[in-house]
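Peer 1: Okay, handing you the structure first.
The values are calculated or read from the model by the stated rules, or taken from the named source; none is laboratory data. If you're wondering where the values come from, they're calculated on a predicted model, not measured in any experiment. Here the Cβ positions follow ideal geometry from the backbone for every residue, glycine too, while neighbour counts run over all protein chains shown. When the accessible area is computed, the model is the full protein with side chains, heavy atoms only, and any ligands, DNA or RNA have been set aside. Shrake-Rupley method; radii C 1.70, N 1.55, O 1.52, S 1.80 Å.
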Amino acid sequence: ARFATAVRPRIEDADERVRLAAARVLAGWGDKSSLPILAGMLGTNDDAIRREAVAALLRFEAEDIAPSLVSALRVETPRAAVAALSALRPERVPRNEALRDAVVQIATKARGPLRALALRFLAAVADARRLAECVPLLVDEDPLVRTVAAHALRRRDGRKQAGRVAELAATTKSSARRLELLELLRDLGVPEAARGVVPLLLDEDPRVRG
């Protein structure tokens with residue numbers, strides 16, 4: 001640990017070559033004591049150092065790096081958050097509750113490339129509690145966001161959210177989104193929630209009535 005601490009100041013050196021060399025040393029060690037330092041590199045303005053840090057973090061088990069990544073997974077620090085998500089794999093998301101909460105926050109609050117990256121993890125991290133935060137995404141302006149949110153509810157047994165889905169279907173002004181919500185409601189298979197969409201039997205759009 002003391003060796004990693006000794007190298008850390010060098011990643012702030014004025015000489016780019018020194019900064020990059022320090023990052024490579026830390027990456028080469030593969031020592032868990034360097035994880036906080038590597039995570040700290042994720043917010044640097046130096047693209048090369050960020051890439052070295054991500055590459056080094058990918059060598060570790062996801063469960064080991066999770067605690068160090070949480071502080072970087074913030075909407076307010078998009079550069080660091082993108083790098084932190086790049087050090088994870090959707091199929092191997094660690095069971096770290098703080099990290100999973102952070103990913104959902106980014107998926108629901110961020111915009112642009114950061115949000116798109118976080119959405120790749122949504123189905124993996126959204127459990128019964130976090131699915132409630134996904135429901136508003138079902139009427140997002142971005143069709144990709146809506147598709148990913150609906151997939152998360154289908155994959156993670158979102159039946160407890162069926163009532164809210166029905167409410168959105170009954171109140172949204174967009175026929176296209178209403179159809180998407182009705183399809184999701186059908187797939188969730190909660191008959192009692194269908195009462196909330198009975199007024200749609202009088203909708204002007206025959207596809208909605210059907």
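Peer 1: How long are the semi-axes of the equivalent ellipsoid of the stretch 124-188, defined as square roots of 5 times the Cα gyration tensor eigenvalues? Whole Å, largest first.
Peer 2: Values: eigenvalues 60, 31, 19 Å².
Result for the stretch 124-188: semi-axes of 17, 12, 10 Å.
Peer 1: Tell me, rounded to the nearest percent, the portion of alpha carbon pairs in the stretch 1-108 spaced more than 19 Å apart. Before the final figure, lay out each step's value.
Peer 2: Numbers: 2248 of 5778 pairs.
Distances greater than 19 Å cover 39 percent of the Cα pairs.
Peer 1: Between LYS173 and ASP142, what length in nm is gained on full extension when 0.36 nm per residue of separation is reduced by their alpha carbon distance? Can you show the working numbers first?
Peer 2: Numbers: separation 31, 0.36 × 31 = 11.16 nm, distance 1.53 nm.
Taking 0.36 nm per residue and subtracting the Cα distance, the gain is 9.6 nm.
Peer 1: While we're here: Need the full-extension length gain, ARG89 to ASP15, defined as separation in residues times 0.36 nm minus the C-alpha distance. One decimal, nm.
Peer 2: Details: separation 74, 0.36 × 74 = 26.64 nm, distance 3.27 nm.
Stretched out fully, the ARG89 to ASP15 stretch lengthens by 23.4 nm.
Peer 1: Moving to a separate point now. Obtain the nm distance between the two label points defined at GLU76 and ALA98 by a simple spin-label model: each point lies 7 Å from its Cα along the Cα-to-C-beta direction.
Peer 2: Between GLU76 and ALA98, the simple spin-label model gives 1.6 nm.
Peer 1: Using a probe of 1.4 angstrom, how much of the accessible area of the stretch 1-94 is carbon and sulfur, in percent? Write out the running numbers ahead of the final one.
Peer 2: Working: 2480 of 4970 Å².
The nonpolar share, carbon plus sulfur, comes to 50 percent.
Peer 1: Also, I was wondering about something else. What is the diffusion coefficient of the chain in µm²/s, taking the Kirkwood radius over Cα pairs and the Stokes-Einstein relation at 10 °C with a viscosity of 1.306 mPa s? Please report the intermediate quantities before stating the final value.
Peer 2: On the way: Rh = 18.9 Å.
D = 84 µm²/s.
Peer 1: Could you please tell me the mean projected area of the C-alpha convex hull for the stretch 62-150, averaged over all directions and given in square nanometres to one decimal? Show your work: numbers first, answer last.
Peer 2: Details: hull surface 20.3 nm².
If you wrap the Cα atoms of the stretch 62-150 in a convex hull and average its projections, you get 5.1 nm².
Peer 1: Compare the peptides 184-195, 81-92 by average per-residue count of other Cβ atoms within 10 angstrom and give them in order, highest first. Display every interim value, and only then the final one.
Peer 2: Details: 184-195: 14.4, 81-92: 19.7.
Sorting 184-195, 81-92 by mean packing, highest first, produces 81-92, 184-195.
Peer 1: Next question. Would you mind working out the accessible area per residue for the stretch 51-183, using a 1.4 Å probe, and quoting it in Å²? Write down the numbers at each step before the final one.
Peer 2: Numbers: 6390 Å² over 133 residues.
Heavy-atom SASA per residue in the stretch 51-183 reads 48 Å².
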